[in-house]
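Please read the structure below before turning to the comments.
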Amino acid sequence: MKPVDTVIIGGGMITHDLLLPSIYHLQRTGIVGEISVCALNNSPLKELAGSKEIIQAFPGQTFTAYPALNEDPSAIFPDLYKEVLASMTPRQAVVIALPDELHYGAVVEALNNNQNVLCVKPLVHQYKQSVEIEKLAREKGLFVGIEYHKRFDRRALIARRHYELGDFGEFIMGEAKMIEPYFYRYSNFQNWFTTDKTDPFVYVGCHYVDLVWFITGLRPVEISVTGVEGKFPNGKKGYMWANGRVKYENGAILSVIDGLGYPDEGSGSNEQCLTMFCEGNGKSGMIKHDDQFRGVTLCYLDGIGPGGTKHNYVSPDFYRLVPWEGKGYKPVGYGYDSVAATINTIHAMENEVSGMEEPQALKHRQKIMAETDKKGIIATPANSYINELVIEAARKSILEDGEAYRIVYGDDPHVERGHA
Ligand SMILES: NC(=O)c1ccc[n+]([C@@H]2O[C@H](COP(=O)([O-])OP(=O)(O)OC[C@H]3O[C@@H](n4cnc5c(N)ncnc54)[C@H](O)[C@@H]3O)[C@@H](O)[C@H]2O)c1
């Protein structure tokens, strides 16, 4: 089996906290070949290359940096990723970890350079863009996975199975919450998390919108989101908090609160949960996930926890580095599982078709992709399209202070102002 070379575009927080470690581990298990990381300038790449945690976990493993580590850190290279993509051997893997508004251009560029893609969520903010990506990828037989890692949380998989079997009844009323740390306001977020571009509902509320869809298969039909504005330390305005309401085709309602405001001194590291009430025949069912406190509390001697904290609720489920039978540490958790699911699928797909003539190989890849879409575990443009419709409606709604937007399905799904 031939490994797939992998280029990560974007060297920020999610690359450090999840993507690069996951790709490094896949390299040592023989799935991934050469690794490159491309960022706007080389500062984040220096941080990645020098990260004590990453070096300790993956001794001896390195990546090629674009721009190079000895380049002037103040020089910026917004189009360098295009050159990197153009220089790749066809049919490898590209992981896109850029600010939201750059996803569309980078995904299309990767596909036009004949690369398979794993994109962080949300894929794009416009439904039509996701349809275009889906069509382009299908025509070329290139895999596109979207990193909605909560789908890989065992509790979500358990809920999906029981929901599918009818063990809860039908979802009718729910609430979800994801409050990210206050210190995010001091990060690179202040450059792109601005009022005109995104908001906490789109940023993290989308995880729970996707999860309710993943568990129930119910389509959202109406969205209303209200935000609370604030200023980042650099003076730029952003929505720091958001409150969203999603109505579903069966009349169910999900209320979602999100924010960049979990106390830095809190044991958090963030706050997150999902409750779903369901109705059965003469009785009700319920799904209740505390996604913050998962039963593990650690108190360190030094402030090595998030935001410099000593006392933490530690999730063993999302992403942790743990001892294993090999060198260093290995990543475990649904974050790793999610990255691995897409990269493994790309690796398996490309190896299955190696040696086939292109027309036959294309058909085979398209078959694998259609099966993945149908299975609905890995998020793909085809099986997670409701997220783009919800995000499109949510962005319009929040900019109009909570005005309701409905989603109209049918031959030409679209979003329009008004109630469903
Ligand atoms: N839970 C999750 O699934 C999760 C968590 C965090 C972030 N994300 C998503 O990941 C994306 C990035 O988030 P982040 O927290 O890493 O952001 P970040 O601001 O920390 O990093 C952004 C990176 O993009 C790079 N970049 C910007 N323009 C570029 C260009 N033209 N060419 C190459 N690189 C460029 C920057 O150099 C930086 O390294 C966002 O879409 C976010 O929604 C997902």
Somewhere in segment 297-319, is a residue aliphatic (A, V, I, L, M), in contact with a Phe, Trp or Tyr (Cβ under 8 Å, 6 or more places away or on another chain) and modelled with pLDDT of 95 or more?
no
What are the residues in segment 1-14 that are within 11 Å of the ligand (Cβ to nearest atom) and open to solvent by 30 Å² or more (accessible area, probe 1.4 Å), if any?
GLY12, MET13, ILE14
Does segment 90-108 contain at least one residue that is among the small types (Gly, Ala, Ser), in a strand (DSSP E or B) and touching a residue at least 12 places away in the same chain (Cβ under 8 Å)?
yes
By my count, helices (runs of 4 or more DSSP H) wholly in segment 139-225 with at least 1 residues that are away from the ligand (no atom under 16 Å from the Cβ) and crowded, with 19+ Cβ neighbours inside 10 Å are 154-164, 206-216
Looking across segment 61-83 at residues that are surrounded by fewer than 21 Cβ atoms within 10 Å (Cβ to Cβ) and in a helix (DSSP H, G or I), the single one that is nearest to the ligand (Cβ to nearest atom) is LEU80
Among the listed residues SER43, SER51, which satisfies the condition of being within 8 Å of the ligand (Cβ to nearest atom) and either surrounded by fewer than 24 Cβ atoms within 10 Å (Cβ to Cβ) or not aliphatic (A, V, I, L, M) (or both)?
SER43
If you go through segment 15-37 one residue at a time, how many are without any contact (Cβ under 8 Å) to a residue 40 or more places away in the chain, under 12 Å from GLN61 (Cα atoms) and open to solvent by 40 Å² or more (accessible area, probe 1.4 Å)?
2
Condition (residue is within 27 Å of ILE407 (Cβ to Cβ) and surrounded by 15 or more Cβ atoms within 10 Å (Cβ to Cβ)) applied to segment 281-288: is it met by at least one residue?
yes
Taking ARG245 as the residue in question, decide whether it is out of contact with any His (no Cβ under 8 Å at 6 or more places or on another chain), open to solvent by 10 Å² or more (accessible area, probe 1.4 Å), under 25 Å from PRO381 (Cβ atoms) and more than 16 Å from the ligand (Cβ to nearest atom).
no
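The values are calculated or read from the model by the stated rules, or taken from the named source; none is laboratory data. Treat the numbers as computed from the prediction; the structure is a model and nothing was measured. Cβ: placed from backbone, ideal geometry, glycine included. Neighbour counts: every protein chain shown. With ligands, DNA and RNA removed, areas are computed over all heavy atoms of the protein, side chains included. Shrake-Rupley method; radii C 1.70, N 1.55, O 1.52, S 1.80 Å.
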